[in-house]
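Structure record follows, encoded as structure tokens.
The values are calculated or read from the model by the stated rules, or taken from the named source; none is laboratory data. If you're wondering where the values come from, they're calculated on a predicted model, not measured in any experiment. Positions of Cβ are backbone-derived with ideal geometry, glycine not excepted, and every protein chain shown enters the neighbour counts. Only protein heavy atoms, including side chains, enter the accessible area calculation; ligands, DNA and RNA are left aside. Shrake-Rupley method; radii C 1.70, N 1.55, O 1.52, S 1.80 Å.
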Amino acid sequence: MCGIVGAVAQRPVSEILLEGLHRLEYRGYDSAGIAVINAEKKIERVRAVGRVAALAEKLNEAPVVGFVGISHTRWATHGEPAERNAHPHLSQQRVAVVHNGIIENHQLLRENLQQKGYQFTSDTDTEVVVHLIDSYLEQSLSLVDAVRKTVAQLEGAYALGVISTEEPDTLIAVRQGSPLVVGLGLGETFIGSDVQAMLRVTRQFVYLENGDFCVLTCEQRCIYDKDFQLVERPVKESTVGSFSSDLGQYSHYMHKEIFEQPIAIQATLEGRLEAHKVKPCIRGEGVMETLAEVESVQIVACGTSYHAGLIAAYWMEELTNIPCRVEVASEYRYRRCAPHKNMLFVTLSQSGETADTLAALEKVKQEKSILASLSICNVDESSLVRESDFSLLTAAGPEIGVASTKAFTTQLVVLQLLIALLLQAKGEAESMVTQIVEDLKKLPIIIESILEKDSQIKQMAEQFIDKNNALFLGRGDQYPVAMEGALKLKEISYIHAEAYPAGELKHGPLALVDGEMPIIAVAPNTHLIEKLKSNLEEVRARGGVLYLFADQAAEIQADEQVHIINMPNIPDLIAPIVYTVPLQLLSYYTAVFKGTDVDKPRNLAKSVTVE
Ligand code: M6R
């Protein structure tokens, strides 16, 4: 998704901006651009379609030099990926703007500006912003007033970076809905969509709030709130590790991140377990007292994080008897939800910046319909963490591949910690907590043993290369694991995949079964194994070809129609975490064989900061 980097300094900023864009590459984008104000107080701009490297090449051939500048990676929303649609956008060579988000009323604004004689050179919603600012400068307003008047007319979610030849030493930044952070250097100031973009130049950050308007020069950093009152926002020192882009022995980040799961889980558990209990590891005041009052749980998330929520709901109701509902954020945010008594509102997100999840949290906060909010997140300083009453962090380390892997399994780990803490807060079932603790401790080693099946799974994946469709099956808490397997396959290998609870087969999907469509099932030896085996027989009897990840103890026989990867005997409670791993590898190798862009699949972004 779009990324913004800006700088105002006492040294040339192009390299800082370019480095920042490189650091935002993980978010997914299709074009990039940079604009600076040069020594003659003129705007110089360079844009390129494709990778930041293509922009760097252009800058190498024709460098732009200036002490104030903005830059951008674009993920197309309005208008195809093309140089004319890439940011920064200019008006009259006097204003340049970069934008993340969507201007919902751009059509109307565009028509008004066209009537005033503005010529549009792009199909973007952003271009209205730059012309609107220019139209106010034309009326002799100051840059600050021109931007203020402009944002007052914008509807939607956005983050903006603005520079102008009218005030060549100033950088203006606005945050309304889309993330934006200010980085503080010595006599220099930066803006970025996240802290990663600026870690090379500073570790001191100010996290902007919605409605914040910043006027930044080398000497001054003025932040105004939504009522245009000057405010002091706290300065925070980042503890985020500056991640290495070293792939080591791996060809793709996704593969590396799949293999990092034992370490990521170990790090997530670090210092949080005692012999028979979980240490209070949720951040926020009075958390255990609040957990003791919880009578219902609502989980809201998107994509892979949503699947983690679905698995957690099985666990939550089974182990705590607390009713737990799960919903995708884009639905939850727009519907009237019947209030539940003493509800803990849990958001799950790898990035902590997902627009729909943030909006769902905002909605329940405004309605005051919840007991408390808790975010489970992999990014400490993210918007979601800052907006929630409580937070429980995963320690997966930065996840660069667009397909989420280690963030998902570590989310499942902390969801078990949450369940244990709920039990502890309510003074219930010490034996159950002990069981959770013991099983979690075994997890890293069990996952190591699954990763040893890498080459076996690679062989299996070869049979998927020419497939157009796939069906994933699971039962109980393995049904969301099947959903996650299907999502992984479709997003990186572009094979259409669906997941079904195996018991539902005969209610429709059985009609699809033939020798062509692979049917993948996860089969741990739980109380549902005999039911699942009957479902698999139904498939076999209709000529379906099965690819199974099955516990040996389930005694399923392999033959030319049934391909099996044997799984170890493991505790039921951690089985969803363990069975996820071979499905990740299956998708990974299928995508590699198909030659897709594994880490940056088409049309997708790592951090989905627009609705
Ligand atoms: O950062 P989040 O966990 O909130 O992201 C949610 C989804 O966008 C994300 O899980 C997406 O589905 C991934 N591409 C899945 O691999």
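Can you name every residue in segment 159-201 that is open to solvent by less than 10 Å² (accessible area, probe 1.4 Å) and hydroxyl-bearing (Ser, Thr, Tyr)?
Within segment 159-201, Ser164, Ser178, Thr189, Ser193 meet the criteria.
Residues in segment 162-180 that are within 24 Å of Ser607 (Cβ to Cβ) and either out of contact with any Gly (no Cβ under 8 Å at 6 or more places or on another chain) or not assigned by TED's automatic domain parsing to the domain that holds Ala152 (or both): how many?
Residues meeting the conditions: 3.
What residue, of Val328, Val297, is outside the structural domain of Asp572 (by TED's automatic domain parsing), modelled with pLDDT of 95 or more and closer than 30 Å to Gln196 by Cα?
Val328
Being hydrophobic (A, V, I, L, M, F, W, C) and touching a Pro at 6+ places or on another chain (Cβ under 8 Å) is the filter; apply it to segment 555-577 and report the residue that is surrounded by the fewest Cβ atoms within 10 Å (Cβ to Cβ).
Ile565
State whether one or more residues within segment 433-441 are over 24 Å from Cys302 (Cα atoms) and in the same structural domain as Phe549 (by TED's automatic domain parsing). Please lay out each step first, then the result.
Our first condition is that a residue be over 24 Å from Cys302 (Cα atoms); within segment 433-441, this holds for 433-441.
If we keep only those that are in the same structural domain as Phe549 (by TED's automatic domain parsing) too, we end up with none.
No, there is no match, as no residue in segment 433-441 is over 24 Å from Cys302 (Cα atoms) and in the same structural domain as Phe549 (by TED's automatic domain parsing).
To keep it simple, each residue is scored yes or no on (1) under 21 Å from Ile574 (Cα atoms); (2) of a type in the set (A, V, I, L, M, F, W, C).
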residue: Ile265; (1), (2): yes, yes
residue: Glu285; (1), (2): no, no
residue: Glu295; (1), (2): no, no
residue: Trp315; (1), (2): yes, yes
residue: Glu331; (1), (2): no, no
residue: Met343; (1), (2): no, yes
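Could you tell me whether any residue of segment 456-474 is touching a Phe, Trp or Tyr at 6+ places or on another chain (Cβ under 7 Å), open to solvent by 20 Å² or more (accessible area, probe 1.4 Å), over 20 Å from Ile556 (Cα atoms) and part of a loop (DSSP other than H, G, I, E, B)?
yes
Just need a number here: residues in segment 26-79 that are in contact with a strand residue (DSSP E or B) (Cβ under 6 Å, 6 or more places away or on another chain) and assigned to a helix (DSSP H, G or I).
So the answer is 6.
Only residues that are in a helix (DSSP H, G or I) and of a type outside the set (A, V, I, L, M, F, W, C): list them for segment 538-581, please. Break it down into steps so the answer makes sense when it comes.
Within segment 538-581, the first condition is being in a helix (DSSP H, G or I), and the residues that meet it are 538-541, 552-554, 572-581.
Result: Glu538, Arg540, Gln552, Asp572, Pro576, Tyr579, Thr580.
State whether the residues of segment 408-428 include one that is within 11 Å of the ligand (Cβ to nearest atom) and surrounded by 24 or more Cβ atoms within 10 Å (Cβ to Cβ).
yes
Which fully enclosed strands (runs of 3 or more DSSP E) of segment 313-406 have 1 or more residues being within 11 Å of the ligand (Cβ to nearest atom) and not acidic (Asp, Glu)?
Where strands (runs of 3 or more DSSP E) fall fully within segment 313-406 and carry at least 1 residues being within 11 Å of the ligand (Cβ to nearest atom) and not acidic (Asp, Glu), they are 324-328, 343-349, 372-377.
Listed residues Glu111, Glu61, Glu25, Glu83; which is surrounded by fewer than 17 Cβ atoms within 10 Å (Cβ to Cβ) and closer than 27 Å to Val402 by Cβ?
Details: Glu111 fails: closer than 27 Å to Val402 by Cβ; Glu61 fails: closer than 27 Å to Val402 by Cβ; Glu25 fails: surrounded by fewer than 17 Cβ atoms within 10 Å (Cβ to Cβ).
When all the criteria are applied, what remains is Glu83.
Any residue that is small (Gly, Ala, Ser), crowded, with 22+ Cβ neighbours inside 10 Å, in a helix (DSSP H, G or I) and within 16 Å of the ligand (Cβ to nearest atom) - is there at least one of those in segment 501-508?
No, the conditions are met nowhere in segment 501-508.
Look at segment 589-611 and say how many of its residues are open to solvent by 10 Å² or more (accessible area, probe 1.4 Å) and within 16 Å of the ligand (Cβ to nearest atom).
Final tally of qualifying residues: 12.
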